[in-house]
């Protein structure tokens, strides 16, 4: 993988342009982060304790950038300065009680109040047309106005200096209670309820109530198992249900934002912001109901461990931009709680101690997960851009094909509403050498209504394998990751032949020298006939998804290898050191995959589309020293 063979590497215009940009764009980033946490506790009576905590997280980020004039399409240099500040303050107050009754009944209870405040602040400015490409910051010498040439004989004045400032605040207040009970740690029960209020919602929708319950049975403590099955060390069955809420990230989505309007009679005006659509004070919490069932087993003197989990999660009142009829008020859409999705999964973890001696041990762990999700409900009960109701939310949708059109008489003939006939799609797109698309809805044209479900971007099974070996002071650890049955759509072959993709936005292109194109009837080529518009119409790209380029991908990766050595404590004790460990590690070392693209792990998990905008995960090596005093 390197620059496309149509555009050679070092020395070519494309290569030099990219390298020139990277070398001459100046950028300086500075950041400061401070985190602190204080906690106080007081035992009122035995078992009853009052505690309070205060945590704060402050960060300051500054960025200065400069692009010289010869790299700007306007031929004017650009200087940018930005400052971002964020502050989070969290106060929690807890009253807890814990006691044991008659040695067998264990009870604990917690009641609490929490207050969280979040603030973000942004200040940024830019200036164009520096007197010199060696002056990187906006100074008094920067001009305020410049000329923009509209036509050879017409120009207009434009502002060359800009400034923007913004600040958001959010508050979240929560009241909660939790009760836990167990009998001999054999039968366990817990229940909780919390009441959350967020400033992001309208006046009558700020508060949400979220309960949960859980129960478990440690059946290995029953006499008929403990007294008869020595190899059965531990067994527990778990079940729970809970409702949780989520408030949206935008601080003012429900409240509306005002912005500067057009001047009126020389005076400044205010108007609602159009970017978020019409505000909606009826927006409320997204609610998720989750059911969990689990099984924990430890067998053979705790040598074999098995954990099995099943969950079902239904999320309702999801935010969705709903189109407004007529746009009579100037807004084309409004955010509403108007969608629902479900997620379901099974997870299995098996760990086994192959060897377990004082000097040598070897443990292997294998885990796997199967996940389903579905688009359950839309605001009007119909399919939309988010997905098809009842199908996977992470589905890939596109067009089905039936080979190539080999002769002009293979182009289907359709009739318009007055009975006139014409080749389907018109002569511009459908001719010999083109892909033969399936007219799924039979309307005589190929469009969005002909798209079908081509597979899920979620893997059928995903998981990992971990191996941990220890011999005296040495340790050697391996970790593998895998995904099976995931559908992906590789756009790199298409973008590699499009000239305007040869830039920083798509930095990695494929070698297409061995790619075949349709040339004559009967060709079973990789792609359609090469012509002026074929790369956009029939190559894999992010706009048109075609079934023949959707791949069912399996991959296995050696994610990490770590070799370490702990010096004997008898040697380092005299140095007043608790631990001295040397280690070397590597990441992303090997990949085994049937994927035609670069790296299957970086493909967007939501869409399954490999856009070519991301670099493969870097192979990384580390040498380190760990000291504990």
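Per-residue extension of 0.36 nm, minus the Cα-Cα distance of residue 177 and residue 606, leaves a gain of 150.8 nm for this segment. Orientation-averaged projection of the range 268-403 equals 18.3 nm² [convex hull of Cα atoms, one quarter of hull surface area]. Look at where the Cα atoms of the range 584-625 and of the range 79-133 average out, and the two centres are 32 Å apart. The long axis of helix 13-24 is offset from the longest Cα principal axis of the chain by roughly 50 degrees. Mean sequence separation of contacting Cα pairs (under 8 Å, at least six apart), scaled by the length of the range 19-157, corresponds to a relative contact order of 20 percent. Extension gain for the segment residue 83 to residue 524, taken as residue separation times 0.36 nm less the Cα-Cα distance, is 153.1 nm to one decimal.
Quick one: compute the contact order of the range 444-496, relative version, from alpha carbon pairs under 8 angstrom and 6+ residues apart, as a percent. The partial results should precede the final answer.
Numbers: 49 pairs, mean separation 19.0, N = 53.
Averaging sequence separation for qualifying contacts and normalising by length gives 36 percent for the range 444-496.
Max-minus-min Cα coordinates of the range 147-239 on each principal axis give 99, 38, 17 Å, with the largest extent listed first.
Here the translational diffusion coefficient of the range 284-341 follows from Stokes-Einstein with Rh set to the Kirkwood radius across Cα pairs; for 25 °C and 0.890 mPa s it amounts to 161 µm²/s.
With the simple model of a label 7 Å out from the Cα in the direction of the Cβ, residue 23 to residue 409 spans 6.1 nm. Estimated translational diffusion coefficient (Stokes-Einstein, Kirkwood radius over Cα pairs, 25 °C, 0.890 mPa s) of the chain: 78 µm² per second.
Here the simple spin-label model places points 7 Å from the Cα toward Cβ, and for residue 295 and residue 585 these points are separated by 3.4 nm.
Backbone N atoms of the range 101-117 closer than 18 Å to the 7 Å Cα→Cβ label point of residue 49 belong to residues 101, 106-113. Label positions at residue 471 and residue 372, each projected 7 Å from the Cα along the C-beta direction, are separated by 4.7 nm. Here the gap between residue 100 and residue 157, fully extended at 0.36 nm per residue and compared with their Cα-Cα distance, gives a gain of 12.5 nm. Mean sequence separation of contacting Cα pairs (under 8 Å, at least six apart), scaled by the length of the chain, corresponds to a relative contact order of 8 percent.
If you plug the beta carbon distance of residue 350 and residue 107 into 1/(1 + (r/R0)^6) with R0 = 45 Å, you get a FRET efficiency near 0.80. Each 10 Å bin from 0 upward holds the following percent of the Cα-Cα pairs of the range 203-274: 13, 20, 15, 14, 11, 10, 7, 6, 3, 0.
Taken together, the values in this text are just the output of simple stated rules run on the coordinates, not laboratory data. Keep in mind it's a predicted model, so treat the numbers as computed, not measured. Neighbour counts are summed over all protein chains in view; Cβ atoms, including those assigned to glycine, are modelled from backbone coordinates with ideal geometry.
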